[in-house]
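**Q** Here it is: the structure, laid out below.
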Amino acid sequence: MSQPDTKFGDYGGQYVPEALMPAIEELTDAYRRYVLNNEDGFMDEFRERLADFGGRPTPLQRADQLSARYDTEVYLKREDLLHGGAHKLNNALGQVLLAKYMGKERIIAETGAGQHGTATAMAAAHLDMPCEIYMGRRDINRQRPNVFRMRLNGAAVTPVDVGRGTLKEAISETMRDWATTVETTHYVIGSIVGPAPFPAMVRDFHAVISEEIESQTAEKLDRSPGSVVACAGGGSNTMGAFAEFLDDDVELYAVEAGGSSLTVDEEAGVAPHSASLSTGEEGVLHGARTKLLQDGHGQIMESHSVSSGLDYAGVGPQLSHLVDEGRVTPVTVDDDDALEAFHRLSQDEGIIPALETAHAFGFLEAALGPDGDGSVEFAEPIVVNVSGRGDKDLEAAIEETEKRDLENAPEMEVFDQ
Ligand SMILES: *Cc1c(COP(=O)(O)O)cnc(C)c1O
């Protein structure tokens, strides 16, 4: 019988209050039985629903213009074409289905910008499970379309008024709910973070991305990818795109948000970036030991990125370990370069990427573009994971583009009536 990964080197673990241990143990047991050992045909049903409801497999597409621009073979793994417009459904569907197999009657989740909440609400509606999403009051006011999407799918969206009213507080509130409702409720965590077994389990639900990349490159190109590039917030689309290749001769690049600068303001406890793999130090956040943005006293710093999905002070423990081992190379792309890449991919390939995803393309441009530093020699072909589409980011993209003088931005002028 396969056993769950709980530690990745020194990282990972289960740093949770005693009240949550029964839930964690029950979930570990269910993960082992249903996911790792396919009891009751769980994984078969999961794959079938990913195909019929989610639209898998997503295509692997050659990027003709980028391949010409960089004089190298570039392929796109189109997770933006998954139902919901991002990779997030893989995990949300997997966990809600698992909750059903466990006999749970209720789903809870937290969300920051609303992407994970939306995916969870969709999966819960699909599987006919009641769903409650905790969201900071401030985020609710900033993300009205996503709040409406969740409510359309029948989820209750509960405002969290504690603290700054953002993701961190929403996570604490969801943990509190879970500790008192463990018997009936499953908490769907949105990335490869949190206490074991979440990091390994969420990775396994997203591993379908790299399984497909492997079979698609074999079929189309008769070989494996040379390099895989993905953006990393918590790191779930990254680990999903890397999982099958960890033991192979494939270069793996995790692109983090360099924000407006990599220089932190220790006094104010603010990091103007979210590059925890590249600059973070070991600590404990949300139940796991991992690389974190923290000050000299171990206080978690506020992070920043132009893309809300990358704006997180921690990162998955397995990615931290793979970086320490030298297996995954972390790189950073700042807000400006991500925004330029957002415009370039839209114009050159007819694909408007999520701002998170744009960071991965910013890395290619920085390394291989006309003004690139040529510092990275990629093994070909390069596969970039297009983690999501940019429709959700249009408001932010307009605002951020107006602030900057970007050569490749479209005409932004609006005429007075
Ligand atoms: C949420 C999100 C991310 C970041 O989450 P990971 O867990 O790091 O994958 C990246 N891209 C898109 C499109 C997202 O919605």
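**Q** Condition test on Glu380, is it surrounded by 11 or more Cβ atoms within 10 Å (Cβ to Cβ), in a loop (DSSP other than H, G, I, E, B) and charged (D, E, K, R)?
**A** yes
This table checks each residue for (1) away from the ligand (no atom under 16 Å from the Cβ); (2) over 20 Å from Leu285 (Cβ atoms).
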| residue | (1), (2) |
| --- | --- |
| Tyr134 | yes, no |
| Arg151 | yes, yes |
| Thr166 | no, no |
| Val182 | yes, yes |
| Ala196 | yes, no |
| Pro199 | no, no |
| Ser215 | yes, yes |
| Gly226 | yes, yes |
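**Q** List every residue pair whose Cβ atoms lie under 9 Å apart, where the two residues are 6 or more positions apart in sequence or sit on different chains, the first residue falls within region 331-351 and is assigned by TED's automatic domain parsing to the domain that holds Ser308 and modelled with pLDDT under 95, and the second residue, located anywhere, is surrounded by fewer than 19 Cβ atoms within 10 Å (Cβ to Cβ) and part of a helix (DSSP H, G or I).
**A** none
**Q** Moving on. Would you pick out the residues in region 91-113 that are modelled with pLDDT of 95 or more and among the aliphatic types (A, V, I, L, M)?
**A** Ala92, Leu93, Val96, Leu97, Leu98, Ala99, Met102, Ile107, Ile108, Ala109
**Q** Out of all the residues in region 1-19, which are part of a loop (DSSP other than H, G, I, E, B) and within 19 Å of Ser172 (Cβ to Cβ)?
**A** Within region 1-19, Gly13, Gln14, Tyr15, Val16, Pro17 meet the criteria.
**Q** Going through Glu365, Glu356 one at a time, which residue ends up being under 19 Å from Asp64 (Cβ atoms) and either at pLDDT 95 or above or in contact with an Asp or Glu (Cβ under 9 Å, 6 or more places away or on another chain) (or both)?
**A** Exactly one residue qualifies, and that residue is Glu365.
**Q** Moving on to the next point. Residues that are touching a helix residue (DSSP H, G or I) at 6+ places or on another chain (Cβ under 6 Å), farther than 27 Å from Ser227 by Cβ and either away from the ligand (no atom under 13 Å from the Cβ) or of a type in the set (Phe, Trp, Tyr) (or both): does region 111-123 have at least one?
**A** Yes, some residue in region 111-123 is touching a helix residue (DSSP H, G or I) at 6+ places or on another chain (Cβ under 6 Å), farther than 27 Å from Ser227 by Cβ and either away from the ligand (no atom under 13 Å from the Cβ) or of a type in the set (Phe, Trp, Tyr) (or both).
**Q** Here's something else I'd like to know. Select, from Asn141, Asn146, Asn91, the only residue that is among the polar types (S, T, N, Q), more than 16 Å from the ligand (Cβ to nearest atom) and either within 29 Å of Val306 (Cα to Cα) or touching a residue at least 60 places away in the same chain (Cβ under 8 Å) (or both).
**A** Asn141
**Q** Under the condition of being in contact with a Leu (Cβ under 8 Å, 6 or more places away or on another chain) and assigned to a loop (DSSP other than H, G, I, E, B), which residue from region 32-67 is surrounded by the most Cβ atoms within 10 Å (Cβ to Cβ)?
**A** Thr58
The values are calculated or read from the model by the stated rules, or taken from the named source; none is laboratory data. Here the structure is a predicted model, which means the values were calculated and not measured. Positions of Cβ are generated from backbone atoms using ideal geometry, with glycine treated the same way; all protein chains shown enter the neighbour counts.
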